[in-house]
Amino acid sequence: MPVSEDLFARACRVIPGGVNSPVRAFRKLERAPFFVASAHGSHLVSEDGCEYIDYVGTWGPAILGHAPDCVVQAVQQAAARGLSYGTPTRVEVDMAETVCRLVPSIQKVRMTNSGTEATMSAIRLARGFTGRPLIIKFAGCYHGHSDSLLVAAGSGALTHGEPDSAGVPREVAALTLVLPYNQPEAVRRAFAEHPGQIAGIIVEPYPGNAGFYLPRPGFLEFLRDITEKEGALLIFDEVMTGFRISPAGVQGKHGITPDLTTLGKIIGGGLPVGAFGGRQDIMDCVSPLGAVYQAGTLSGNPLAMAAGLAQLQELERTQGWQRLESLGARLEEGIRRALHDARLPLTFKRSGSMFCLFFTSQDVVDLQTASTGDFGMFRRFFLSMLEQGVFTAPSPYETGFISTAHSEDDIDATIHAATRALLSLRA
């Protein structure tokens, strides 16, 4: 029995589903997941001795690739001084100053231990600041697994949320309005039907949890305008896109100033971390200054702060975003050429170093169109790529990530593998 299969069998006896996060289980792919033994740069090595070019990138944080020297050294030096203290450290201040400098909309920032904690706290803060109960989110935008946000829409129509998980009370879900992404009229209608009751809108400005797709021209600007008009807060969930799409995330690319922003992934350098920040008057409502309570024993952990700070500094020093755009454009050109050669009218989306191939001919602009993909076709493609040594997300509803550690040879090998995989789909 392969080592990974044995490990998975052992894991299933002591861990629910054998994994500590559901998508890792490869459940619908009809095979066991492979277990990673080590990773460096753009490559993973499995416990079975197989090597893969990696486009999962620990789901986004590995923007410099795996185990970059600058991050490893920063963590080693921090660990030698102590792992956690429960009192403030210099590196927390350094990180906060760096975040505020790179993201102009953030005047003050609070560290958390995960993106889920960050979005949960931002929602609580929006309600506390405005004194209003309701939150708008969009179908297909994932904001972590806290009760208020773990709801999904019905057929894309304006609706009160229905619980998306057992254990979420309907009374809690009913405080979240789930709307279709990219449809301004649904947002207008929600404000008209709930005057003075909506605390804010939370949105992944570039949704990355139903595949990866983009806002129609003017949609994000519309969200900024209507929230200002209605006295609600605009929350950009940039846990995925923060410091990846640009130094200031999607908001920097579009020139939009949200009231609050949530961050994670890249600011931890591979260690657990999250953050929420925004306008000073809003952030000053957070305890100990204000009445909105938020806390965490390990928030601002010195190892995570050291790792994330080292990563941000290296990205700035090397102008890593330029390289990421170059590699992303190279991959996109090759994939589109492969689709043409295979005569498959599939949909490919990319911005910078984030991308997704949808197994549908429809233009993907929201959850409904993303859900039209052919899962059987995706499964065959995924398994073919894995067999050829390329690891992409084991779900059609996830985003691919490129790192600065990927080489042009990695990209070209990936295009070659994708061409073979796509041609095989016609067989």
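Below is a table of values for the structure above.
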{"read-out": "Simple Cβ-charge dipole of the chain, Lys/Arg +1 and Asp/Glu -1, about Cα centre, in debye nearest 20", "value": "400 debye"}
{"read-out": "Nearest-0.05 FRET efficiency for Asp69 and Gln107, computed from C-beta distance (R0 22 Å)", "value": "0.10"}
{"read-out": "Total formal charge among the other residues, if their Cβ is under 11 angstrom from that of Phe243, Lys/Arg +1 and Asp/Glu -1", "value": "0"}
{"read-out": "Proximal lysines to Lys349, defined as alpha-carbon separation beneath 18 angstrom and excluding residues fewer than eight positions away on the same chain", "value": "Lys253"}
{"read-out": "Stretch gain in nm, segment His416-Cys285, where the contour uses 0.36 nm per residue and the Cα spacing is subtracted", "value": "41.8 nm"}
{"read-out": "Loop GluC sites (Glu not before Pro), the range 18-116 (other Cβ atoms within 10 Å of the site Cβ: 13 or fewer; DSSP)", "value": "Glu30"}
{"read-out": "DSSP beta bridge pairing in the range 47-192, given as percent antiparallel to the nearest 5", "value": "50 percent"}
{"read-out": "DSSP bridge orientation in the chain - percent antiparallel, rounded to nearest 5", "value": "60 percent"}
{"read-out": "Surface accessible to a 1.4 Å probe, Arg170 within the full protein complex, Å²", "value": "150 Å²"}
{"read-out": "Candidate residues Met120, Met283: accessible-area rank, largest first, probe 1.4 Å", "value": "Met120, Met283"}
{"read-out": "Ala174 paired with Leu83, simple spin-label distance in nm, labels 7 Å along Cα-to-beta-carbon", "value": "4.5 nm"}
{"read-out": "Mean projected area in nm² (Cα convex hull; one quarter of hull surface) for the range 343-427", "value": "5.6 nm²"}
{"read-out": "Solvent-accessible surface ranking, highest first, for Leu83, Leu383, Leu44 at 1.4 angstrom", "value": "Leu83, Leu383, Leu44"}
{"read-out": "Mean Kyte hydropathy of -1.0 or more with a Cα span along the axis of at least 20 Å, helices from DSSP in the chain", "value": "115-130, 302-318, 320-342, 408-424"}
{"read-out": "Helix-only mean residue ellipticity at 222 nm for the chain, each DSSP H run of n ≥ 4 adding -39500 (n - 2.57), per residue, nearest 500", "value": "-12000 deg cm²/dmol"}
{"read-out": "Val36-Ala295 FRET efficiency (beta carbon distance; Förster radius 22 Å; 0.05 resolution)", "value": "0.10"}
{"read-out": "Fraction in percent of alpha-carbon pairs per bin - 10 Å, the range 227-328", "value": "14, 38, 35, 12, 1"}
{"read-out": "Sequence-distant lysines (8 or more away, or on other chains) whose Cα lies within less than 21 Å of Lys229", "value": "Lys137"}
{"read-out": "Rounded accessible area of His145 (nearest 10 Å², 1.4 Å probe)", "value": "120 Å²"}
{"read-out": "Local net charge near Glu316, Cβ-Cβ under 15 Å (Lys/Arg +1, Asp/Glu -1)", "value": "+1"}
{"read-out": "Charge sum, other residues only, whose C-beta stays under 13 Å from Gly328's C-beta, Lys/Arg counted +1 and Asp/Glu -1", "value": "+1"}
{"read-out": "Cα convex hull of the range 104-250 - mean projected area over all directions, nm²", "value": "8.7 nm²"}
{"read-out": "Cα Rg over Rh - the range 194-240, Kirkwood", "value": "1.01"}
{"read-out": "Rg [Å, one decimal], Dmax [Å, integer] - the range 30-140, C-alpha atoms", "value": "19.1, 56"}
{"read-out": "Cubic angstrom per residue, convex hull over Cα atoms of the range 295-381", "value": "165 Å³"}
{"read-out": "Net length gained if the chain between Cys12 and Ser424 were fully extended (0.36 nm per residue, minus Cα distance)", "value": "145.0 nm"}
{"read-out": "Pairs of Cα atoms farther than 35 Å apart, the chain, %", "value": "28 percent"}
{"read-out": "Computed E for Glu193/Arg27 - FRET, C-beta separation, R0 56 angstrom, nearest 0.05", "value": "0.90"}
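The values are calculated or read from the model by the stated rules, or taken from the named source; none is laboratory data. Since the model is a prediction, treat every value here as computed from it, not as a measurement. Cβ sites come from the backbone with ideal geometry, for glycine too, and all protein chains shown count toward neighbours. Accessible surface is based on the protein model in full, side chains and every heavy atom, while ligands, DNA and RNA are left aside. Shrake-Rupley method; radii C 1.70, N 1.55, O 1.52, S 1.80 Å.
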